[in-house]
Amino acid sequence: MLFLMISCKNLQFSYSSQKRFKFPDINCADNETLLILGQSGKGKTTLLHLMALLLKPESGEINIAGNLVSNFPSGEITKVRAKNIGIIYQRPHFTNALSVMDNILLPNYFASVKQDKDRAVYLAEQLGFGEHLSKKTNQLSQGEQQRVSIARALMNNPKVILADEPTSSLDDNNCQKVIELLRTQSRLIGASLVVVTHDKRLKDEFTNQVFL
Amino acid sequence: MNLFKISIANLKEKKLNSFLSALLLTLGIGMISLLLLLNKQLDEQFRRNIRGIDMVVGAKGSPLQLILSSIYQIDAPTGNIPLSEVNGLKRNPFVKNVIPLSMGDNYHGFRIVGTSAKYPEHFQAKVGLGKLFQESMEVTLGSKAAAESGLKMGDTFESAHGLDAGGDKHGDKKYKVTGIFDATGSVIDQLILTSLSSVWDIHEHAEEHVPAGTEEEHAGEHHEEEKQVTSALIQFRSPMGMLTLPRQINENTSMQAALPSIEINRLFSLLGVGIETLRSLAIIIITIAGVSVFISLYNSLKERKYEMALMLSMGATRTRLFFMLLFEGLMLAVIGYVAGIALSRLGLYAFSKSAEQDFHYSLKEFGLLPEEIYLFAAAIGIGLLAAALPSLGIYKLNISRTLAEE
């Protein structure tokens, strides 16, 4: 029996009476990858936010590392998310007043763990933006910014990495590169990787797939 | 990396906004602080010099002018009064002390005042160097007059007529410095004191040199019965004097009697209108400063909505972020306060320079007043209030929706 790092059962959510979503069950094992494919409007971002514990489902359950987190009180939920989930959003966003290094350290700070500068430097080198650490984030190219987002998501050694449309705005070449990066890095820290996207190019990259 | 660092980084990022808010606060606080400083110093200086003097008599005219010229040595005297009438006051049962003053000449802008030993005695002036004037034409210098005129013990000098340095010189008779007073913190410091007879001698001498053909028959006479002085400072034996004496003098003699405390209060109430206006202006400026802080933070928050949502998703609590935002407003308030206090000291310095030049009064105390501590509390209060209002928005932020918006 595979240990499921993250799984969702009977998830339902609605924004209004017109906008209701019922999601298929999701299962991703420890150190495995999962692709969730769907057209626009099918609730991809909603599902990602539910899995990231940013939204509370109307019904159904979410399990992370064996804990029924969807029932936790909201303070606990925040802590679970901070320590165990790394999120990579579709467009890179940062605290513009701070440097790249400080931005990467933020997840440590807000999760109340020691700020690991060495790890930040290591990840920066691995991801190819080592010499930009003291710059402001808006001085980097979009590709570099995206890699900074990836580094940021990895800082707390999360158990689950959720990526929202990581390749949608990239050309084929960079699409390949980014997916490789994500896979390598999550394998290195032993995290489960879940990618939510409408980019059909990724169909061949993942064995586990779910369609919305 | 901590919340303080983030706050300060945000203030630096929005340099122009932060600058404007801080500038407005600086201006408002600077104005109020300057008013407080000036008020205190003027009050002190004015009150210090009228202590112990119950009434001033002099030539008829404006009572305020009489007080200003005779007690503060500002403004011109109202005229002269006969010595005989002044001496008459000495016999009045209500009068304890009469200090006659004779003014009209100066040396390099420092007034030469003919008087009796009672005048320096009243201000508890001690002669630091040499001795008090005794013979005619001997002078004792006030500490500031000595320091700035360059006169030393034993020097002789000519006085100039009038109260400005540019008057005609009385070339014939020279004064001699026989003593210098220690600093008293009162009007004595800026005066040159001599005996009453010196002033009469100088002006008689001037009369003797009137060219032939004009009033020859008066040349050489001493007009003893018509000896005049400028004014006299009076101390009462009992407060009852205030009830009857001034009216008696005003109605029955050629002199007028002015009561210092009444005239000074009137002066302050006239000044008060000006001060009230400035104070209202300062309060308006500070209010606008508060509004500026509010607007600055409000806009900043709108722009940073995604950042806030991001930090919340990373584990920041809303209260923590609320305090971070409050801290930004607080920083602006502190910067504004410190700069305002510094600015007011600069203003006081400039004021003081011109007061020195014109009136020989120094307004030099730069220490922190207790009222300025309250001002600090007010500045902090304004900063916090202006920052709290937009920052409360953090509690209404929908994380998921904000992060989903691109």
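Here, each number is a calculation from the coordinates, and none is a lab measurement. All of these numbers come straight from a predicted model, not from anything done at the bench. Cβ placement follows ideal geometry from the backbone for every residue including glycine, while neighbour counts extend to all protein chains displayed.
Computed values, structure above
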{"quantity": "Distance histogram for region A:46-147 (every C-alpha pair counted, 10 angstrom bins, percent rounded to whole numbers)", "calculated": "14, 39, 29, 17, 2"}
{"quantity": "All aspartates and glutamates inside 14 Å of residue A:159 as judged from Cα atoms, apart from same-chain residues fewer than 8 positions distant", "calculated": "A:30, A:32"}
{"quantity": "Sparse-neighbour loop sites [trypsin sites (Lys or Arg not before Pro); region B:301-406; at most 16 other C-beta within 10 Å; DSSP]", "calculated": "B:364"}
{"quantity": "For region A:94-169: span of alpha carbons on each principal axis (Å, largest first)", "calculated": "32, 27, 23"}
{"quantity": "Sites matching GluC sites (Glu not before Pro) across region B:302-356 that sit in DSSP coil, with at most 14 neighbouring C-beta atoms within 10 Å", "calculated": "none"}
{"quantity": "Extent along principal axes [Cα atoms of region B:264-406; Å; largest to smallest]", "calculated": "71, 25, 25"}
{"quantity": "Bins of 5 Å from zero: percent of alpha-carbon pairs in region B:1-128", "calculated": "2, 8, 12, 14, 14, 9, 6, 5, 4, 4, 4, 5, 5, 4, 2, 1, 0, 0"}
{"quantity": "Local electrostatic count, residue A:84, Cβ distance below 12 Å [Lys/Arg +1, Asp/Glu -1]", "calculated": "+3"}
{"quantity": "Those lysines that a straight Cα-Cα span of less than 19 Å connects to residue A:117, excepting residues fewer than 8 apart in one chain", "calculated": "A:83, A:135, A:136, B:5"}
{"quantity": "GNM top mover of A:98, A:182, A:37 - chain A, alpha-carbon springs below 10 Å", "calculated": "A:98"}
{"quantity": "J(HN,Hα) series, region B:52-64, from Karplus relation 6.51 cos²θ - 1.76 cosθ + 1.60, nearest Hz, glycine and proline x", "calculated": "x, 10, 8, 8, 10, 10, x, 5, 5, x, 7, x, 4"}
{"quantity": "Shielding score for A:46-55, defined as the mean number of other chain Cβ atoms within 10 Å", "calculated": "3"}
{"quantity": "Calculated log₁₀ intensity ratio I(q)/I(0) where the Debye formula runs over C-alpha points of region A:4-211, q = 0.09, 0.10, 0.11, 0.16 Å⁻¹", "calculated": "-0.33, -0.41, -0.50, -1.08"}
{"quantity": "Rounded if a/c under 1.5, otherwise prolate or oblate - region B:263-334, Cα gyration tensor axes", "calculated": "prolate"}
{"quantity": "Euclidean distance of C-alpha centroids, region B:1-40 and region A:96-148, integer Å", "calculated": "32 Å"}
{"quantity": "Relative contact order (%) - criterion: Cα under 8 Å, at least six apart; region: region A:4-211", "calculated": "30 percent"}
{"quantity": "Loop trypsin sites (Lys or Arg not before Pro), region B:85-123 (other Cβ atoms within 10 Å of the site Cβ: 10 or fewer; DSSP)", "calculated": "B:91"}
{"quantity": "Region B:55-258, relative contact order [Cα under 8 Å, separation at least 6], %", "calculated": "35 percent"}
{"quantity": "Burial ordering of A:8, A:175, fewest other beta-carbon atoms within 10 Å first", "calculated": "A:175, A:8"}
{"quantity": "Radius 11 Å from Cβ of residue A:170, net charge of other residues (Lys, Arg +1; Asp, Glu -1)", "calculated": "-2"}
{"quantity": "Whole-Å semi-axes of region B:55-258's equivalent ellipsoid (Cα gyration tensor)", "calculated": "27, 23, 14"}
{"quantity": "Chain B - convex hull of alpha carbons, volume per residue in Å³", "calculated": "186 Å³"}
{"quantity": "For the protein assembly as shown, convex hull of alpha carbons as volume per residue, Å³", "calculated": "240 Å³"}
